[in-house]
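The values are calculated or read from the model by the stated rules, or taken from the named source; none is laboratory data. Just so it is clear, the structure is predicted and the values come from calculations on it, not from any experiment. Remember, those area values only see protein heavy atoms, side chains included, never the ligands or the DNA or RNA. Shrake-Rupley method; radii C 1.70, N 1.55, O 1.52, S 1.80 Å.
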Amino acid sequence: MTQEADPQALESLRQQAESRLSELLERRAPGERVAVLGAGSDDLDSGRHYLKLLADGGFAVPAWPVEYGGMGLGKAEAGVVRSALNKFKAPDLYPFLVGIDLVGPTILAYGNDEQKARWLPRLRSGEEIWCQMFSEPDAGSDLAGLKARALRDGEGWRLTGSKVWTSRAHYSQWGLLLARHDPSLPKHKGITAFGLDMSCPGVTVRPLVQMNRDAHFNEVFMDDVWVPDRDRIGDVGQGWAVAITCLSFERGALGGGLGVQLDQIDRLATKISEHSPAPAVLRDQLAARVADHRIAGWSAARSRAARAAGKAPGPEDSLSKLRATAFIKRLADLGMAAEGAEATVGAEDPDEWQTMFLMSPSLSIRGGTDEIQHNILGERVLGLPPEPRVDKDRPFSETI
């Protein structure tokens, strides 16, 4: 099937996918609670069981090559399969999505054949969970300002440094890590990417508790950790390209509505209608959120179509990410307003709107901060002059 499949071919694929999935999964009932970005949940067993059910057909990774457990589909066809999956019950898969949606495609792009054969099957099945180890305490939003060091040591490397905001690191088996191998080069050129075995001696993980009591963000410390060169991803010095590729997948994933389903908004409409009469301001906000959800879906479809046509990820992903972040925050606010006084109780067992409300502020720093996305749009879309970057072409060692 080609990437530009006609509507009849896509409809036939949808029917085939739904027929096969109905043999494996239960259909999702309207009104069933939907988890958004894993807020408050660390259920790994259910996710692994679900991914195991999907493994034989490649349904969890429809765009991956068949030899690595996917369906070998183009972007349009893969989108049809994912839409079919949304009609069936699924556990919270957020613990696995960094690996499946971000790291897996990055390994497909930059990993060698041995790495693909070694890592992708266990990643796809959920047997091994991956985390993304980019951000650092002293770098802020300047990802290229990272200071974690990678020193060559025989057939491997010695890693020293720290990372922060590393989601699910406390139970990940592997991390996609960026480290600086040569500080004499400009900051974007002296970086190399690695797959880090999180069980290696010298790796310490410390969870960070959020205001919703979720502790999935972490600090990670590396003290003279030895990593074999076979776990280097891409060429030496290619780390920045690896990072940008991974981030493009992340922004695309975060820009499609963040897992919110239309029936979740329908449930909110029902709750609002329970007010007698329903306040006009709530009805107006509900209509706006429905529009936001539609726009997020259309934006995601536009990005998929661009990739299917061979276009490199562009600033539209930054816009989609900003829009999706704002959508979730506004939707959570509306859910809390619809609950009224009830929204202030039940902290020991928060409902979906309370959970979403407490989680939503974190979206402004996930997948690149809002400020970074605004800079990208200002420079690449509006043509505004870039911020002064006096350190861009200087050796990194001279800027710290």
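Angle check, please: helix 7-24 long axis (alpha carbons) against the longest principal axis of the chain (alpha carbons), in degrees 0 to 90, nearest 10. Computed tilt is about 90 degrees.
Here the chain exposes an accessible surface that is 53 percent carbon and sulfur, computed with a 1.4 Å probe and the other protein chains kept in place. Largest accessible area first, the listed residues Ser46, Ser299 line up as Ser46, Ser299 when surface is computed with a 1.4 Å probe on the assembled protein chains.
May I ask for the angle, rounded to the nearest 10°, between helix 316-339 and the longest principal axis of the chain, with both axes built from Cα atoms and the value confined to 0 to 90°? So the helix axis and the longest Cα principal axis differ by about 40 degrees. Taking Cα atoms only, the orientation of helix 75-85 departs from the longest principal axis of the chain by about 50 degrees.
In this structure, the amide hydrogen of Leu208, modeled 1.01 Å from its nitrogen in the peptide plane, lies closer than 5 angstrom to those of Phe217, Asn218, Glu219, counting only residues at least 5 positions away or on a different chain. Taking all C-alpha pairs of the chain, those more than 32 Å from each other amount to 37 percent. For Phe88, the residues 5 or more places off, or on other chains, whose built amide H falls under 5 Å of its own are Arg28. Residues whose amide H lies under 5 Å from that of Cys131, counting only those 5 or more places away or on a different chain, are Trp174, Gly175, Leu176; hydrogens are built 1.01 Å from N in the peptide plane. Coupling constants for segment 58-74 follow from the phi torsions by the Karplus curve (6.51 cos²θ - 1.76 cosθ + 1.60, θ = phi - 60°), and in residue order they are x, 5, 6, 9, x, 8, 6, x, 4, 5, 10, x, x, 10, x, 8, x Hz; glycine and proline get x. Rounded to whole numbers, the Karplus 3J(HN,Hα) couplings from phi for segment 371-388 are 4, 5, 5, 5, 4, 4, 5, x, 7, 8, 10, 7, x, 6, x, x, 4, x Hz, using 6.51 cos²θ - 1.76 cosθ + 1.60 with θ = phi - 60°, and x at Gly and Pro. Couplings 3J(HN,Hα) for segment 180-196, derived from phi with the Karplus relation 6.51 cos²θ - 1.76 cosθ + 1.60 (θ = phi - 60°), are 8, 9, 8, x, 7, 8, x, 4, 7, 9, x, 10, 10, 9, 9, x, 9 Hz, where x marks Gly and Pro.
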